[in-house]
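The values are calculated or read from the model by the stated rules, or taken from the named source; none is laboratory data. Quick caveat, the model's predicted, so the values are computed rather than measured. Reconstructed Cβ throughout: ideal geometry from the backbone, glycine too, with neighbour counts over all protein chains shown.
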Amino acid sequence: MTTPFYVPPEQLMKDRAEYARKGIARGRSIVAVEYCDGVLLLAENPSGTLQKIGELYDRIAFAGVGKYNEFESLRVAGIRHADLKGYAYARSDVTAKGLANAYSQTLGHVFTQEVKPYEVEIMIVEVGDEPAENRIFRVTYDGTLYDERRFAAIGGEDEPLLAHLEQAHAPDAALGDALGWAMEAFRAATEREFEPEDWEAAVVDRTLGRRTFRRLDPGELG
């Protein structure tokens, strides 16, 4: 009988984390920026069909970077989870915090128990009745959950994006200002110019009624 190949747990977790980070770093980043009426989500994504930003529930949006099929499966699972909870209890019981906790547990389980971790990083965004009630949660490949304020970024260029937004962001700004800050952050981080068709953008806006999610078309991004 042969002796099983042994790998120290610390080395195994380190290798999995490095593998996941490399996959995420190849993905184009996404930023979330609060403005006076809600939260803007902006991604560099020239594809018109493979969308990285989507609606989860009435006031909640999802964004993912990394391996498309993996974060898309998480988005669909989140929609099913939200629909079932909203139907069984009440629509107001579906919150970004509850969904973020569920995602955190799923990604944490995959990272520790499965052979290959998910190469994804996701954001769950909820708009509240007041700006102070907005929520931005970020979940990493290993299930670590972060509660962000004012703005957040995921993907390979998150640090330079956050550094630019830290200097530019101001509370109670209009959507146009938030959009300008986010676009300029991408230009500064990548040192490239973008066309309107290069962006994917959406908002969760409290002024839109029950369904707060709305995509921005290229004309608005020009």
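In this entry, Ser92 is excluded by the filter for residues that are in a helix (DSSP H, G or I) and under 22 Å from Tyr19 (Cβ atoms).
Under the condition of being of a type in the set (Lys, Arg) and within 14 Å of the chain's Cα centre (by Cα), the residues counted in segment 97-132 number 1. Criterion applied to Ala189, Ala132, Ala163 was being hydrophobic (A, V, I, L, M, F, W, C), modelled with pLDDT under 95 and crowded, with 17+ Cβ neighbours inside 10 Å, and the one residue passing it is Ala189.
Matching residues to (1) within 17 Å of the chain's Cα centre (by Cα); (2) among the aromatic types (Phe, Trp, Tyr); (3) surrounded by fewer than 17 Cβ atoms within 10 Å (Cβ to Cβ); (4) over 15 Å from Ile24 (Cα atoms):
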| position | (1), (2), (3), (4) |
| --- | --- |
| Pro46 | no, no, yes, yes |
| Leu50 | yes, no, yes, yes |
| Tyr57 | yes, yes, no, yes |
| Ala63 | yes, no, no, no |
| Gly78 | yes, no, no, yes |
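Of Gln113, Gln51, all but one fail to be without any contact (Cβ under 8 Å) to a residue 60 or more places away in the chain and among the polar types (S, T, N, Q); the exception is Gln113. Among the residues making up segment 21-34, a single one is surrounded by fewer than 24 Cβ atoms within 10 Å (Cβ to Cβ) and either among the acidic types (Asp, Glu) or assigned to a strand (DSSP E or B) (or both): Glu34. Val125 - would you say it is modelled with pLDDT of 95 or more, in contact with a strand residue (DSSP E or B) (Cβ under 6 Å, 6 or more places away or on another chain), over 19 Å from Lys14 (Cα atoms) and crowded, with 20+ Cβ neighbours inside 10 Å? Considered against the rule, which asks whether it is modelled with pLDDT of 95 or more, in contact with a strand residue (DSSP E or B) (Cβ under 6 Å, 6 or more places away or on another chain), over 19 Å from Lys14 (Cα atoms) and crowded, with 20+ Cβ neighbours inside 10 Å, Val125 comes out as yes.
A count restricted to segment 24-67 and to residues that are of a type in the set (Asp, Glu) and either touching a Gly at 6+ places or on another chain (Cβ under 6 Å) or within 17 Å of Asp217 (Cβ to Cβ) (or both) stands at 2.
Can you find even one residue in segment 131-145 that is aromatic (Phe, Trp, Tyr), touching a Leu at 6+ places or on another chain (Cβ under 6 Å) and in contact (Cβ under 8 Å) with a residue 12 or more places away in the chain? Looking through segment 131-145, none of the residues is aromatic (Phe, Trp, Tyr), touching a Leu at 6+ places or on another chain (Cβ under 6 Å) and in contact (Cβ under 8 Å) with a residue 12 or more places away in the chain.
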